[in-house]
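The block underneath contains the structure these notes are about, expressed in structure tokens.
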Amino acid sequence: MSSSFDTDKEKYLQSQYLLKVQSILSSRYDKKPLAFVHTYGCQGNVADSERIKGMLSQMGYGFTDNLSEADFVLYNTCAVREHAEDRVFGNVGELKKYKKDKPGLKIALCGCMMQQQHIRDKIYKSYPYVDLVFGTHAIYQFPQLMFDTLSGGKRVYFAPEDNGLIMEDVPVLRDKDSKAWLPIMYGCNNFCTYCIVPYVRGREKSREPYRIINEAKKLISQGYKDITLLGQNVNSYGKNTDFNTDFSDLLKQINDLEGDFIIRFMTSHPKDCTKKLLDTMSQCKKVARHIHLPFQSGNNRILKEMNRHYTREKYLELIDYAKKVMPDISITSDVIVGFPGETEEEFNDTLSLVEKVEFTSLFTFIYSKREGTPAAEMDDPVSKEEKSRRFKELCDLQESIAAKRTAKMKGKTYRVLCEGISKNDDTLLSGRTDGNVIIEFSGDNSIIGKYVNVKVTQPLNWIVRGELVNN
Ligand code: SAH
Ligand code: SF4
Ligand code: F3S
């Protein structure tokens, strides 16, 4: 994109489209039209959806969780694994009957899947009732795209390449009122050989520190108590900029803001995780004692093939240091089983790393081939059955480690933010310890959004149950 691109002009243009959409909707509907927005994938996508909902709300839409009530359906998609894509195709297929019942229904797809040409082609050919498709770099142009969709008779497909800019000041409608996502950077430069993200999210871009601080201040003044800083690799925040602020500096600046709140962040890439960051965490009272540090594999040859730029030894050294400066730290991670060519022995290195670190929890994935990535070209002789067997072995190991860890929590009291009703049992409330362990307890709904003390009474495998004490 040329340097003459005028972001103020673009913002103005979009605000005008927003008004135009508003007037189309008010002439077309007697009562507030309803939008159904569903998000797949990571918190980055959730944060994007909150911005899209912000725009929808300003256009005049209300929201519904019921598809048959909706006048507008949007799926914000994820491309990270085949399974994620299959689910989207399945759910888009389901929409056909809703469109038949309500021809005025508009259907839109956006997000990482839609940034891929072969997916757009497939949607165009096989799902002709989809009205609007847009990519990850076009979110701020959503008002214009909605105008085109509502006013013209044609399907709208728009997925420009990354223009290297960050579009600020997009309205946002947050899903929760005590816990907020705060994107600090977008895109990824790492090109891990298995991963599609750099292709669909563009190059790494850091937001200006003052914008992040201002957003954090606003969130705190609005009563948000739990703020998660987001980026694919937050540890490289500020690289290739003239900010003179790295991630540790940013964390400290947010920690120093006044107010009672917790700061979390994700994701950290081990190659850029520094002792400075771990020291900063240990010195910052409001930073949760939790780090999500994906290791992906415990074997050095596989790590090299994955283009991860660290070794098993370097990873374990970081973990040792983190535990030294924060003895109560909780460590979580991502791991891939069955990367092309992974041998049984190499997989055993993953198991032994898991045993050594004793993660609080682990997100385990079977390798999924992504078109266009280098790993998709690698020989992959290991059978599906064998990969599933390894996967199960890893999950069993982690389950026993997690159970041991949660057992140690019994009898201890934790100060947690009551986030809302538990997803597992709607008679219980739930929160998260500093270390990111889910804790469920009974209590009155009036404490949602407040900090409470909960004593652990019953450790389960992944989560714990407890009771309110001294509140
Ligand atoms: N930026 C983060 C990860 C984002 S994707 C990081 O680097 O840590 C979330 C997780 O999905 C990754 O950590 C990885 O474990 C998994 N993943 C990514 N691509 C995958 C693929 N092709 N197959 C299986 N798992 C994958
Ligand atoms: Fe994907 Fe690697 Fe970037 Fe994470 S760091 S998003 S795994 S390419
Ligand atoms: Fe998925 Fe895109 Fe996030 S591929 S994991 S939604 S960056």
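What is the dipole size for region 376-430, taken about its Cα centre, with +1 at each Lys and Arg Cβ and -1 at each Asp and Glu Cβ, in debye to the nearest 20? Mind dumping the intermediate values first?
Values: 12 positive and 11 negative charges, 127 e Å.
The dipole magnitude comes to about 600 debye.
Please calculate how many Å² of accessible area region 141-218 carries per residue, with a 1.4 Å probe and no DNA, RNA or ligand atoms counted. All intermediate terms of the calculation are to be shown ahead of the outcome.
Details: 3330 Å² over 78 residues.
In whole numbers, region 141-218 has 43 Å² accessible per residue.
For region 145-260, which whole percent of the accessible surface, found with a 1.4 angstrom probe, sits on carbon and sulfur atoms? List each step's numbers first, then the result.
Numbers: 2390 of 5090 Å².
In region 145-260, the share of accessible area belonging to carbon and sulfur is 47 percent.
With unit charges on the beta carbon (Lys/Arg positive, Asp/Glu negative), name the residue among LEU109, SER57, TYR129 whose Cα is farthest towards the positive pole of the charge dipole of the chain.
Value: SER57.
For a quick check of your reading of the filter: which trypsin sites (Lys or Arg not before Pro) in region 406-440 sit in a DSSP loop and have no more than 16 other Cβ atoms within 10 Å?
Details: sites: LYS408, LYS410, LYS412, ARG415, LYS423, ARG432; in loops: LYS408, LYS410, LYS412, LYS423.
Qualifying residues, ordered by number: LYS408, LYS410, LYS412, LYS423.
Could you please state how large a percent of the accessible area of region 331-471 is carbon and sulfur, counting protein chains only and using a 1.4 Å probe?
Values: 3430 of 7040 Å².
Whole-percent figure for carbon plus sulfur exposure: 49.
Quote the charge dipole size of the chain about the Cα centre in Debye, to the nearest 20; the model charges only the Cβ of Lys and Arg (+1) and of Asp and Glu (-1).
The calculated dipole for the chain is roughly 760 debye.
Solvent-accessible area per residue for region 92-131 at a 1.4 Å probe radius, Å²? List each step's numbers first, then the result.
Details: 1980 Å² over 40 residues.
Roughly 50 Å² per residue, with all protein chains present.
Would you mind getting the accessible area per residue of region 267-328, heavy atoms of the protein chains only, 1.4 Å probe, in Å²? All intermediate terms of the calculation are to be shown ahead of the outcome.
Numbers: 2630 Å² over 62 residues.
Averaged over the residues of region 267-328, the accessible area is 42 Å².
Under a Cβ-Cβ limit of 4.7 Å, which cysteines in the chain have nobody to pair with?
Lacking a cysteine Cβ partner under 4.7 Å: CYS42, CYS78, CYS110, CYS112, CYS188, CYS273, CYS284, CYS395, CYS418.
Heavy atoms only, probe 1.4 Å: what % of the accessible area of region 79-132 goes to carbon and sulfur, would you let me know?
Details: 1320 of 2680 Å².
That fraction is 49 percent.
Have a look at TYR194, TYR237, ILE220 and report the one farthest towards the positive end of the charge dipole of region 193-313, computed about the Cα centre with Cβ charges (Lys/Arg +1, Asp/Glu -1).
About the Cα centre, the residue reaching furthest to the positive side is TYR194.
Would you be so kind as to identify which of TRP462, PRO294, MET378 lies farthest towards the positive end of the dipole of the chain, taking Lys and Arg as +1 and Asp and Glu as -1 on Cβ and the Cα centre as origin?
Going by the Cα projections, it comes out as TRP462.
Can you tell me the length gained on complete extension of the stretch LYS285 to SER352, counting 0.36 nm per residue apart and subtracting the Cα distance? Walk me through the numbers on the way to the answer.
On the way: separation 67, 0.36 × 67 = 24.12 nm, distance 3.26 nm.
Roughly 20.9 nm would be gained on extension.
On a full-extension model of 0.36 nm per residue, what is the gain between ASN300 and ARG211, subtracting their alpha-carbon distance, rounded to one decimal in nm?
Values: separation 89, 0.36 × 89 = 32.04 nm, distance 3.91 nm.
Between ASN300 and ARG211, full extension yields an extra 28.1 nm.
Could you give the distance between the Cα centres of region 281-356 and region 8-81, to the whole Å?
38
Using Cα pairs closer than 8 Å and at least 6 residues apart in sequence, work out the relative contact order for region 286-366, in percent. Walk me through the intermediate numbers first.
Values: 99 pairs, mean separation 32.9, N = 81.
Over region 286-366, the number comes to 41 percent.
Nearest 5 percent is fine: what portion of the DSSP beta bridges confined to region 1-140 is antiparallel? All intermediate terms of the calculation are to be shown ahead of the outcome.
Details: 0 of 15 bridges.
Bridges in region 1-140 that DSSP calls antiparallel: roughly 0 percent.
The values are calculated or read from the model by the stated rules, or taken from the named source; none is laboratory data. Just so it is clear, the structure is predicted and the values come from calculations on it, not from any experiment. Glycine also receives a Cβ, built like all others from the backbone with ideal geometry; neighbour counts cover every protein chain displayed. Ligands, DNA and RNA are stripped out before the accessible areas are found, and what is left, the full protein with its side chains, is counted by its heavy atoms. Shrake-Rupley method; radii C 1.70, N 1.55, O 1.52, S 1.80 Å.
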